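A.B. asks: This is the structure I have questions about; it appears just below.
Values in this text are rule-based calculations from the coordinates and carry no lab data. Note that the structure is predicted; figures quoted are calculated from it, not measured. FYI the Cβ positions are ideal-geometry reconstructions off the backbone, even for glycines, and counts take in every protein chain you see.
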Amino acid sequence: MGRGLLRFGHGRATAGFVGARADPSTFADVYVEYHEQVLRFFARRTLDPETAFDLMAETFAELFAHIDAFRGETEEQGRAWMWTVARHQLYRWRERGIVERRSLERLGMPIASLGQVEYERIEDLADLQRVRPQLEHALDQLGSEQRHALQLRVLEHREYDEIAQQCGASAQVIRARVSRGLRQLAKSLAEAEPAESEELLT
Amino acid sequence: VTKIPPEHVAAKALEDSFRRLGEERVRSRRRRHPTWRPSRAIFAALASLLVVAGVATGTKVFLGDGGAVRPDAQGLKDPEGRNDVAPSFLQLADARAADPHGAQPWGLRTYQSAGGQTCVILGRIVGRRLGVIREGQFKELATRTGGVCDSLESLHFVLSLRAYAPAEPSRRWTLYGIVDRTVTSMHVLAITGKTTRVKIAPDGTFLLVRGDVDPFHLAQLVIDGSTGRRVVPLTH
């Protein structure tokens with residue numbers, strides 16, 4: 001099934017959330033349509049590709065698990081439901097510091113590791129340059145190794161392999177340092193976040 | 001056509017999982033509700049049942065004039081096993097809630113739809129009648145008024161969340177529905193972490209009416225029971 005079934009409001013047959021409630025086999029199309037928007041939402045707020053991906057996966061798992069309980073009659077209501085669940089996931093992550101995998105586990109859905117291309121794609125979605133001023137300020141609060149890794153990766157756009165070579169550590173270790181540093185930064189950015197996200201207004 | 005690039009391995013794997021699980025759920029639904037074509041013998045059997053049911057109703061074997069019957073996972077059944085389905089289309093449910101602005105109290109009516117779903121209608125109660133308030137006057141709901149319906153058998157709950165005049169100072173937020181016997185307790189979990197117990201009436205119905213500034217905003221309804229815990233996001 002393609003995008004055509006997900007063009008809403010043009011007098012065509014629609015699938016989307018309403019369709020997926022009647023026919024759960026079309027939920028995968030809903031996921032394909034919206035997963036990148038949700039991923040960007042989490043990437044910009046967590047600044048960590050792996051956390052963002054896990055939160056996105058749990059959001060869609062929860063939506064799928066409760067698709068029978070979705071009460072909406074329009075796709076707009078479906079999207080509103082999706083963002084509500086996404087914001088709950090973010091709220092719980094901020095409160096508890098871990099990504100809950102309740103729905104993923106209940107559905108028996110494993111999460112594959114992010115590949116290099118996918119990891120960098122999510123970093124692009126996070127648009128880290130957008131938060132460059134805050135990042136520079138927050139760098140002062142970090143340890144020297146994390147600060148150095150973040151400077152090279154985010155401010156100078158160096159490749160992980162290049163940073164690893166320069167620091168004398170593996171690319172995996174550098175990725176972890178960058179990830180931890182960004183997570184710390186995400187907490188300080190959360191306080192400055194506007195009440196309503198742009199995604200919620202669409 | 002929207003496609004996930006193959007190099008996005010993890011995202012693609014999730015898509016594959018959702019396709020597989022979606023198809024499994026469709027098969028599971030078909031097993032629970034198989035499509036069938038009624039034969040003459042079945043029509044004859046149904047006709048016989050209707051005759052028996054008519055006699056039984058006349059002798060008050062059914063619970064039409066009794067209290068509401070809390071359904072179980074297999075459908076609406078009398079807890080004492082006396083019969084299968086109460087003629088509940090006019091039945092006033094047990095759940096009640098006071099109006100937060102001091103007007104007429106709120107109540108529910110339950111019935112079974114023609115398709116076998118369990119339905120719940122919300123309204124205001126005057127005496128034993130359910131209705132609406134229009135221009136200050138109580139107007140009883142017609143017996144054929146439709147409600148919120150769903151399959152209690154598969155979901156174990158039917159739930160609705162509605163706001164009345166949310167822009168007005170006299171606004172009300174309502175959360176109501178019915179659960180079957182597998183559900184033992186429910187509570188609303190607000191985004192602040194505050195929990196509010198939802199009282200389940202003897203017939204399985206529940207009803208909360210609030211006059212605050214959207215008390216259910218970004219909240220979840222947590223439903224516990226013998227089939228495990230379910231968490232339902234509350235959205236209008």
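A.B. asks: Does segment A:40-182 come out rounded, prolate or oblate, given a ≥ b ≥ c as the square roots of the eigenvalues of its C-alpha gyration tensor, rounded meaning a/c under 1.5 and, failing that, prolate meaning a/b above b/c?
C.D. replies: Because a/c hits 1.5 or more and a/b exceeds b/c, segment A:40-182 counts as prolate.
A.B. asks: Let me ask something else about it. Under 14 Å from a point 7 Å along the Cα-to-Cβ line of B:ARG162: which residues of segment B:209-226 have their amide N that close?
C.D. replies: From segment B:209-226, the list is B:209-210.
A.B. asks: Treating only the Cβ atoms of Lys and Arg (+1) and Asp and Glu (-1) as charged, compute the dipole magnitude of segment A:13-137 about its Cα centre; round to the nearest 20 debye.
C.D. replies: On the way: 16 positive and 22 negative charges, 95 e Å.
My answer is approximately 460 debye.
A.B. asks: So, in Å, what gap is there between the alpha-carbon centers of segment A:29-47 and segment B:165-205?
C.D. replies: Using only Cα atoms, the two centres lie 31 Å from each other.
A.B. asks: Highest mean first, what order results for B:189-202, A:169-182 on Cβ atoms within 10 Å?
C.D. replies: Ranking, from highest mean packing down: A:169-182, B:189-202.
A.B. asks: Sticking with this one: Quick one: dipole size for segment B:137-212, taken about the Cα centre, charges +1 on Lys/Arg Cβ and -1 on Asp/Glu Cβ, in debye to the nearest 20.
C.D. replies: Computed about the Cα centre, the dipole is about 260 debye.
A.B. asks: Rounded, prolate or oblate for segment A:4-120? Axes are the square roots of the Cα gyration tensor eigenvalues, ordered a ≥ b ≥ c, and the cut-off for rounded is a/c under 1.5.
C.D. replies: Taking the square roots of the gyration eigenvalues as a ≥ b ≥ c, segment A:4-120 is prolate.
A.B. asks: In debye to the nearest 20, how big a dipole does segment B:95-236 give about its Cα centre with +1 on each Lys and Arg Cβ and -1 on each Asp and Glu Cβ?
C.D. replies: In total the dipole reaches around 260 debye.
A.B. asks: Return the average number of partner chain Cβ atoms within 10 angstrom of each residue Cβ along peptide A:17-26. Please report the intermediate quantities before stating the final value.
C.D. replies: Details: counts 0, 0, 0, 3, 0, 2, 5, 9, 10, 4.
Taking all residues of A:17-26 together, the mean is 3.
A.B. asks: How well do other chains shield peptide B:19-27, expressed as the mean number of their Cβ atoms within 10 Å of each residue Cβ? List each step's numbers first, then the result.
C.D. replies: On the way: counts 8, 3, 10, 12, 4, 3, 8, 5, 1.
Taking all residues of B:19-27 together, the mean is 6.
A.B. asks: Per 0.36 nm of contour for each residue apart, how much would the distance between A:GLU105 and A:SER170 grow if the chain were fully extended, relative to their Cα-Cα spacing?
C.D. replies: Taking 0.36 nm per residue and subtracting the Cα distance, the gain is 20.3 nm.
A.B. asks: Oh, and also: Run the numbers for B:SER154 and B:ALA103: contour at 0.36 nm per residue of separation, minus the present Cα-Cα distance, in nm.
C.D. replies: 14.7 nm is the gain from fully extending B:SER154 to B:ALA103.
A.B. asks: Along segment A:51-67, what does the Karplus equation 6.51 cos²θ - 1.76 cosθ + 1.60 (θ = phi - 60°) give for ³J(HN,Hα), rounded to whole Hz, x for Gly and Pro?
C.D. replies: For segment A:51-67, the Karplus curve yields 4, 4, 5, 4, 5, 5, 5, 5, 4, 5, 5, 5, 4, 5, 4, 10, 4 Hz.
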